[in-house]
Structure formats: C-alpha cells, structure tokens
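Below: the structure, in structure tokens.
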Amino acid sequence: MTTEDQSAMQARRTNIRTINDIFLGLAGSRQERVMTWLDASGAWQSLSSAQVDQRVRALARALQSRGIQRGDRVAILSENRWEWAVADFAILAIGAVVVPVYPTLTAEQACAQLADSGSRILFTSSLAHARAISAHQHSTAIERIVLFDDFDAQPNELSANWERFSALVADAASLPRDPALDAELARTQPDDLATLVYTSGTTGESKGAMLTHGNIVANVLGSMPRIHTAQTPRCISYLPLPHIFERMFDYLLIVCNCQVAYCSQMDKLPNMMLRFRPTEFIGVPRVYEKIRAGVEQKSSASPIKARIFRWALGVGSRHRDTVLAGQRPSALSWRLADRLVYSKVRAAFGGCVNNFISGGAPLGLETGLWFASVGIAILEGYGLTETSPVISVNYQGASRIGTVGLPLDNVECRLAADGELFVRGASVFKGYWNKPEATRECLDADGWFATGDIAAIDADGFISITDRKKELLKTSGGKLIAPQPIETKLKADALVANAALIGDKQKFLVALLSPNLAALSAWAAGQGIDVSDRSRLVTHPRVLARYEHLVAEVNHSLARFESIKRFHLVPDEWSLETGELTPSLKLKRRVVIARYAQQIAQLYSDESTSLVG
C-alpha cells in the first residue's frame, strides 16, 4: 500500500459517520478486487470497487422505482454472497432499513420476522427459498421477491411479483451518475435506523434489535484499533451475515481496503481457505472446536503420528505464554515442532492468517490453550446483537487467555450486585422493534443495557463471562451452577460435539452428550466395534466406558456440587439443521430438554451413583 493510499484510508476513517460513508469510501478506493467468490465451475470471480459502486447505485434506483422510501423495511434472506452485500448497501443508500433473515429458518419462522418488521421487498437466493416464502406470503407485507440466482423455470411456475437480481443491475455500467441519489446518501444521519437484527432466540421469542447507522459505525471505529490487519488484508465471509458479528466485521475490513471472499456453505470453507489464503479469520467457538477435533483425529492415524503430535503439544505448552503475547518462540525444540506439526495446522487456515478472532459464545479455556500450544493465539471477544455487537476483545499487546478482553474505548462497563454485566456507549441499540416493554426491561433511562450475562472484571479491566443469567441452574439444595463452563470442558474432548447440562430444581446434575460422530466412528472402528448402527454404537459398553472416563476427568476439576452424576449419550449430532443449535451455533437448551425429556426423566428415575444413563 502506497503512502498516498494510506493517507486516503486514514481520511476515510475520520469522515465515517454512517454506513453510507463506508460505502462511499469503498466506491472511491480504486481497488481492483473488492468482492470475490468461486463460481459454479470453481473459478474465481471478482468485482472492483467501481463495479460495486455501479451495481449498488443501479439497485438503489430500482428500489426507488418500485416505491421503496426512506424508513421502509427491505429484507435479505440468503447465504453469504456478493449480492447480499450489494443489496445491503443499496437499501441503506436510499434511507431504507435492512432486515436480514437467516436462510436456515423455516418458512413460518422467516415469515414471522417479515411480518413483524413490515418488510415490503424480499431479496433471496434461490427459487426454493422464493417458493417456500410465497406459500406464507399472505401473512406478510411482502410485495415483491428478488432472486439472486438466475432461475430457469416455466412461466406457469413463476409468480408475477418475482424478479431477477441480474436484470435490476444489468445496465449498471452505463447508467449516468444520479445527483439525487448522492443527495439521498448524504441525507442519512447517524441516528437513522439502519437495520433490524432479530436475535437468534436461545431462550425464547426472537426480537428485532433496532441498530442505527451510528451504533454500527461506533462499533466499527471502536473495534478497529484492536485489529492489526495485514497491509493487503483478505478475509472469508462465511459466518451468517444476518449475525451482526459477521456483518460488522465485514464493514470494518471494507474500511481497511480488505478483499472479501464470500463462502455460501460451511463445507466449502476448508477448500476456500487453502485457495484464498485469508490474512484475517473470525470464527465462533464451534468452528475452532471442529478444526481441533479434525487435527486430533488426523494425528491419531498412526502410532508414529500420535507420538509426534503428543510431543509437539508438550513442547508447545511450555511456550504458550510467548505465543499468547504475540511472539514467536526461539527455542530449537519449538521451531522443530513448528516445522513438523504447528505449520500444518496453520496451513489448514491457508497459512497466512494474521489475526484469529473468536466471538459469539465462550471459547473455553481448554480450546484456547490447545491452540496456543500449536502456535496459534486466538483473540477472544465478547458482544451481543444489541451492542452492535463488540463490547470487549483481546488484542495483540493486551491479551489474557480465559477472558474476553478489555472493553472498547467507547464502551463503559459495570457490574450489578448479582454480577450481571451492564454496558453503555454509542454502539448500544435503541430498543426492540414494536416491543417497548421488552426494551424497558433491559435498557434504562441513562442508556445502561443489561446484558443478561454474569461476569467478573479483574483489577486490570479484563472481563470474564461466567454464564447467561437466565441459564444458571439452581439445584434443589440451593446451589447456583453455571452450565456453560462445564459444557465447554466436556466439548474439549474430540469425541464430544456438544453437551447440555441439566439440573435446575433437581438434587444433582446430569448431562446429555452429543457425539462427534466422525471421530467416534473412527475411534470405535479402531477398537473393532461395529459402527454401522448409531443407536447400537452409543450403547456399546466400551463406548460408554470411554465417555464415562471423560466425565470422570471433568468431575475432578469441579466442586462436588457441580459434578455430573449421570449422563446419557444420544445417537444424534446436534446441528442448526436439526434445530438444537442457533444460527451462531449456540445451544438451544429448551429445545434439547424438550426433545430428550424421556431420557432426562430416566436419568433422574433413581438415586444411583452410576455415571451411565
């Protein structure tokens, strides 16, 4: 990057007040490749900053010609792709409000959000999504559906109110500049509503958080000093864009002249990392846990590999503090282990990552220490939809493993008497859409937002999150137990994909364990156990003994009242698709409890001290 380009980027940052300013900065950045993706043939395609500018302006005019006005809501229901980002900027350009909808929701759930928001136009990715929404469209205010995919269907299969995205931007390059649109872009103010982001609903009804342009820009600018990006940054956008974590981070990287590659499906991510070689990587804990499980599984493929890997982990554990301080250990043993093992782990991410960032849920101390032992310092942060989202983050130069870092400079934090964390700042939302009572419950007149999280703040200001206040378990003996840290300990084992702790109003704790089926099958096959029937596999005595050993090990690190007395190994790997996890891969405890009510009742059917249920 030239000195001239650096000066121009710094000027852009100081003039950013709205998301429209982020777009205008992008449009004038003269980048050859801004948005990148793999087409159906596996070839790279990209858009320059000028091409993005042209398409955003063409789409903004198309929306205006279809009656969309300032303040109207327009929804996007799609996987991550360049059209998502262009539609986002176009909607905001004319002062309308973006309503992102997770494409993994059922049609009924999606239409409930469309109806609640009063969205008038829906952008979606495919005919399948359009057909599913159309079946329930009567319950919404949707007037028109715009499809990102170029569909090929018979006229009688199409609805009159469906349009092709490609047709709306077809003449983008030849359209003259519109002074009226420039004025509309400039008219938007920081206090104007930018988006309604519906919470993923781990504990109840989904609510639309109202985030303004100023909320999101404050979070972008507050987070930016903590992220030391490469000179020519590259990042893959793969976490769902309806999650404000991914969306805000994409805005931040766009300000940094980052090239963003869009990955529409999680199973395509490993290949894309190898080919695109990102310099920045953000993930939720489940992504890091899966990568760890994959590495451990490969390392156990032979006795020699297993011995080398154990030796490398031992070497790495002695140099974790150096790694966590952002430095490269100089010891000969570490450099040898790096060549044999650590470099291969980094290579799985593309080999060029400068920042590994985790958010969305607690990472877990064991996972953080494991990655530090293979030479990777994961910078854990913390935030909520309602705070746009980042509240705190560890960063190079100020990192403390096991915490979620220091608050951003423009965010205030305090603890209530019961340990609940309250925050205040320019990134805190304005309330919930159409829900004034819910807003009053969490946001006071002085702007303090009750996060619902139990936290601790140490003498240096580093924040640690214990658990969700509403998820604390209270045993019949009156003991309060935070389930997340214990669940995280269980998930640190490669054979556990997920865990749910149960015990509210009960005499003792029990656990439901969801196996990592690929890792379990590989382990069981190595033991000579038949893996063809999952239901039989999870009840095999040697399999249960393996999990019993894990639970016993976790219990050794817990207080007696926190220990798990019994467990049940389910034959299912919980997922977003089967409904046990939110789009950000957090556990839906109520869904799990309801789904396995019979098994839970059996775990509490007697006072046996056996671990196995």
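Here, each number is a calculation from the coordinates, and none is a lab measurement. The shown structure was predicted, so the numbers you read here are calculated from the model rather than taken from an experiment. Glycine also receives a Cβ, built like all others from the backbone with ideal geometry; neighbour counts cover every protein chain displayed.
So the values come out like this:
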| item | result |
| --- | --- |
| For the range 167-180, 3J(HN,Hα) per residue [Karplus equation, 6.51 cos²θ - 1.76 cosθ + 1.60, θ = phi - 60°, Hz, x = Gly/Pro] | 5, 6, 10, 4, 9, 4, 5, 9, 6, x, 5, 10, x, 5 |
| Trypsin sites (Lys or Arg not before Pro) restricted to the range 290-332 and DSSP loop, no more than 14 other C-beta within 10 Å | Arg318 |
| For Arg144, distant residues with modelled amide H under 5 Å away | Leu122 |
| Placed amide H near Ala194: partners under 5 Å, 5+ positions off or other chain | Leu211, Thr212, His213 |
| ³J(HN,Hα), Karplus 6.51/-1.76/1.60, whole Hz, each residue of the range 500-514, x for Gly, Pro | 10, 8, 10, x, 4, 6, 10, 6, 8, 8, 10, 9, 9, 10, 9 |
| Above-threshold pairs, the threshold being 24 Å between Cα atoms, out of Lys469/Lys491; Lys290/Lys505; Lys207/Lys469; Lys430/Lys588; Lys207/Lys505 | Lys290/Lys505; Lys430/Lys588; Lys207/Lys505 |
| Fraction of alpha-carbon pairs over 16 Å apart in the range 44-106 - percent | 46 percent |
| Spatial extent of the range 229-301: Rg and Dmax, with the Cα atoms as the point set, Å | 13.3, 44 |
| Mean Cα-pair separation over length for the range 281-469, i.e. relative contact order, pairs under 8 Å, 6 or more apart, % | 17 percent |
| Distance between modelled label sites at Ser48 and Gln602, nm, 7 Å Cα→Cβ extension | 6.5 nm |
| Net +/- balance of residues flanking Val390 in space, Cβ distance below 13 Å, scoring K and R +1, D and E -1 | -2 |
| Relative contact order for the range 472-603, counting Cα pairs under 8 Å that sit 6 or more residues apart, in percent | 23 percent |
| Options Trp448, Ile142, Val374, ranked by Cα towards positive dipole end of the chain, top entry (Cβ charges) | Val374 |
| Given charges at Cβ of Lys, Arg, Asp, Glu: the chain dipole, positive-most of Ile227, Leu63, Ala325 | Ala325 |
| Summed residue charge, Cβ within 13 Å of Ala594's Cβ, Lys/Arg positive, Asp/Glu negative | +3 |
| About the Cα centre, charge dipole magnitude for the range 472-603 (Lys/Arg +1, Asp/Glu -1 at Cβ), debye | 580 debye |
| Cα centre as origin, Lys/Arg/Asp/Glu Cβ charges: the range 17-188 dipole, Debye | 460 debye |
| Exposed GluC sites (Glu not before Pro) absent: longest stretch of the chain, with sites in DSSP loops and at most 12 other Cβ within 10 Å deemed exposed | 206-576 |
| Net charge of Cβ neighbours under 12 Å - reference Gly314; Lys, Arg +1; Asp, Glu -1 | +4 |
